[in-house]
Structure formats: C-alpha cells, structure tokens
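Heads up: the structure comes next, in structure tokens.
The values are calculated or read from the model by the stated rules, or taken from the named source; none is laboratory data. Remember, it's a predicted structure, so these values are computed and weren't measured experimentally. Neighbour counts are summed over all protein chains in view; Cβ atoms, including those assigned to glycine, are modelled from backbone coordinates with ideal geometry. Accessible surface areas use protein heavy atoms only, side chains included; no ligands, DNA or RNA. Shrake-Rupley method; radii C 1.70, N 1.55, O 1.52, S 1.80 Å.
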Amino acid sequence: MSTLKQYDINKIFLISVLALFTSGLSFALRGSVAGDIQSLYLDSIDMTNSAMMIGEILGVAFLGFAITLFIGSPILNIIGIGRMLALAAFCFISGTLIVVFADLISTGASIYWTFWIGMGLTGVGWGCTECAINPLTATIYPTEKTHRLNILHAWWPAGIVVGGLAGLGLGALGLSWQAKFFIGLIPAIVFSYLLLGLRFPPTERAAAGVGFGEMMSELIMRAIFLIWFGALFLSASTELAPGQWVDITLSHTVGMPGIVILIYVSALMFVMRHFAGPLVHRLSNTGLLLCSCVFAALGLYLLSIAQSPFIAFLASTVWGVGVCFLWPTMLASTSEKFPRGGEWFMGLIGSAGALSIYFVLPKLGAIFDQEKLQVAGGAEAFAALEGSLREAAIASAAQVSFQSAAIFPLILIVVFSVLLLLDRVRRVKSKAPSVAIPKI
C-alpha cells in the first residue's frame, strides 16, 4: 500500500470513471441511432433482413471489445496502462467520426461495412478502457474491490443516461442522428487530455511478483475459472443485449420511446451500484449474483409482455435491479478468487461478456425478423403492411425476442446456486476442528 502514495490515486480514478462514462455514452448513442441507420440505409439494402443487419452492426462493437480484452489484458503491463487508455480515446474518436461521416465515405450496400468498421472501433475503445481500468481499480483499492468496482461501473449507466437524454433532446430539436452520435467525442477528448503526464502503478499481479508465465499457467491449473467465464457470457447477455435492443423493440409495444426505459434503468443502476458494499457483506458475492439473476429473469419476462408505459416501468425496475450488480461483481469475484490470474483473467471474463453480445444481438435480430415475417405471412406480405397492422407484427416480434433472452438468467440461477452451495461446503470444512489421531 505504501508504494501507492507516489501516485495521484484520485486523478487516476477520475480518468477511469470518465473513460467508462465514455463507453456507456457510446453504448447509448449506438442504440439511439440504430433505428435511424436501419430505416435510412439498411432497409433499402435488404428490408427483410435489416434487423439482423443492424444487430450485426451493433454487435461488432462487442466483438472489438472482446478481441481487445483477450489480446490486450495479458500484455497490459508491457504496453502500459496510460498508453492503453490513450489508445481507447483514439479509437472512440476515430470510430465516432467514421460513423458520423459514413454516407460521405461510402454509398449503396457498402455503407453497411463503413458502419461496421466505425462501430467496431468504438468497441475497441471500450475494450482498451476496461482492459486498463478494471485491474487498475483492483490495484489502487485492494481491500474494497467489489465496492470500488461497483462504484466505477456506476458510471457506465451514467453514460447511458446522458447519451439517452441527449438523443431524445437532440431528436426533439429536429437534429440529425449524426448530431446525436457526434457528442460521444466530448468525454473522449477530455479524458485523453487528463492523461498527459500522469503516472500509473503496475497491476496488482505484477506488483506481487507473479510472472507472465505464472499468470498464463494459472488458467490450466484452475479449471473452475471456465465456469466463471461461461457465467459472464450469460450474465452479459442478460444485461447488455436487451439494453442495446430496447429502443428498437419496446418503442413498438409500450406506446413510448424505448430509450426512455433504458435511461430509467440506467439511472436506477447508477444509484444502486453505490450500495454494493453492504449487500456483498450481507449476501457474499455469489449470493448477490444469485439474487440478481432471479430478478433479471422475472424482469425480462415482464418486459416481453409489457404493453403499456406503467407495466414497462414496473418490468424494467425488476430487470434493472437484477442486472445492476452482475458485471462489476463478476469482475471483483474473479480478482478475489484468482489473484494469480491477474489482469488477464479479468480481461478474459470481460471478453466472455462481449463475445456473448456479438453472438446474441444478431440472433435477437434474426428472431425478430423471423417472427415479424411469420405474423405477416411472408416477406412480401410484411412489405405490404401499413399502419397498425405493421406495428402489430413488429410488436409481436419484439415480445418474442425478449422472451428468448430470459433463458440466460434462468441458466445462471442454477449455476450460481451450485457455486453458492460449494462455497458454503468449503466454508464449513475450513471451520471444522481437526481430529488428532492417537499414536499406537
């Protein structure tokens, strides 16, 4: 702990907060402009598969996130935390500009790939951010990891709130979707400026003298880590996939813009994540994760049947309470249970979550497309639908796509129940008094 005194811990944490705020802002803005991109560009390319295409464009941000975490985490100390955060800022800025000027860069069907590249770069920026700030926070706050990681990750939904409100406000003013997406540049420029001249500590693993080879070998020695890897794959699908999908779908079912629901849930998460410490003290990390999944499963089901603003807010409250603590508590659990795995294990956990969204979002889009065509009676029939009949087909598709996402927390309820039982058995054994065997 004494070596940390030579670093500006408050400024380091502030930069971490701003970088994650930028990630959340970018997430919200991607969701806010997705409908415009689909209707203005993708429908003219392939109307029957446009939902799957926008799912792929949104999903590539998570692919960029996953690849960056997987590659960048084990070499974080080689690159340096400061350089990793500078790279994050560069990717946020360049990716945003590519998306904003996509219709100037390319035309016709090729614009799909311009959006794909731009969104992918914002995902790489997000990956560089979490590659650095998660082990960094565990390093500068070694005795309160779960609490501090939850506070840090409260600024992810804060970014979503600001992005969602900005999208609604600029839309009400009649400004273009490009104007909405452009505001993602502001916090990226701010935290890149704050990085100038700042020194960062080595990660907790490096400071403890655990070598690179030992960190790599830990994956082979601790096979139970694969369970946690799979658990975050599913928990991210429970939180982030519906979050990115909510504006496209709920706007057709509850009589209000779906982004309003996302803003409300994000504000709820921002407040609740500041109280993770007392909850973990009472429930344990695994107990908190189990309770979260029960609420998340119920919330997703209720969202799938919501047909009014009141029911939508009730359902989203239950879902928000459920998903609130999943991501940061999984990261903290990984750091505590696998300390020798260091920043690589935290990066692997994050990449599992991102990969899940890369696969799940297009799947949700495909389910959505299939259901809307089935309700309408085929592609030609759907194209001919207008007014309330078209809205009814889309509403049915939205409900089915949300119901399909509810399977993820249901699986996790079983997984975390088993892990909680194993934790309690291990705790009982550790407290059992040893019996001396008399010598004969």
Over 31 Å between alpha carbons, listed pairs LYS5/LYS337; LYS145/LYS363; LYS180/LYS372: LYS145/LYS363
Two-site FRET efficiency, ILE224 against LEU389, from Cβ-Cβ distance with R₀ of 60 Å, rounded to 0.05: 0.70
Pairwise label distance in nanometres, SER44 with GLU144, each label 7 Å out on the Cα-Cβ vector: 5.4 nm
In Å², nearest 10: area of GLU239 left accessible to a 1.4 Å probe: 10 Å²
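What's the extension gain from LEU173 to LEU194 if we count 0.36 nm per residue and subtract their Cα-Cα distance?
The span from LEU173 to LEU194 would gain 4.3 nm if fully extended.
So, R0 is 25 Å and r is the distance between the beta-carbons of GLN370 and ILE407; what FRET efficiency does that work out to, to 0.05? Walk me through the numbers on the way to the answer.
Working: r = 17 Å, r/R0 = 0.67.
For R0 = 25 Å, the calculated efficiency reads 0.90.
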Simple Cβ-charge dipole of the chain, Lys/Arg +1 and Asp/Glu -1, about Cα centre, in debye nearest 20: 1980 debye
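Return one whole number: the accessible area per residue of region 116-181 in Å², for a 1.4 Å probe. It would help to have the intermediate numbers written out before the result.
Numbers: 1810 Å² over 66 residues.
Solvent-accessible surface per residue comes out at 27 Å².
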MRE, 222 nm, helices only [DSSP H, n ≥ 4, -39500 (n - 2.57), over the chain, to nearest 500]: -26500 deg cm²/dmol
Computed lengthening from LEU421 to PHE275, 0.36 nm per intervening residue step minus Cα-Cα distance: 50.1 nm
Dipole axis of the chain (+1 Lys, Arg; -1 Asp, Glu on Cβ), positive-most option in VAL33, LEU303, ALA132: ALA132
Karplus 3J(HN,Hα) series, Hz, for region 192-206 with 6.51 cos²θ - 1.76 cosθ + 1.60 (x for Gly, Pro): 5, 5, 5, 5, 4, x, 8, 9, 10, x, x, 5, 4, 5, 5
Protein accessible area in the chain, 1.4 Å probe - carbon and sulfur %: 69 percent
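So between VAL428 and ILE305, what do we pick up on full extension, going 0.36 nm a residue minus the alpha carbon distance? Before the final figure, lay out each step's value.
Numbers: separation 123, 0.36 × 123 = 44.28 nm, distance 4.32 nm.
Net length gain for the segment: 40.0 nm.
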Phi to ³J(HN,Hα) by Karplus 6.51 cos²θ - 1.76 cosθ + 1.60 over region 370-382, Hz, x for Gly, Pro: 5, 5, 5, 6, 5, 5, 6, x, x, 5, 5, 5, 5
Region 64-70 - phi-based ³J(HN,Hα) in whole Hz, Karplus 6.51/-1.76/1.60, Gly and Pro as x: x, 4, 5, 5, 5, 5, 5
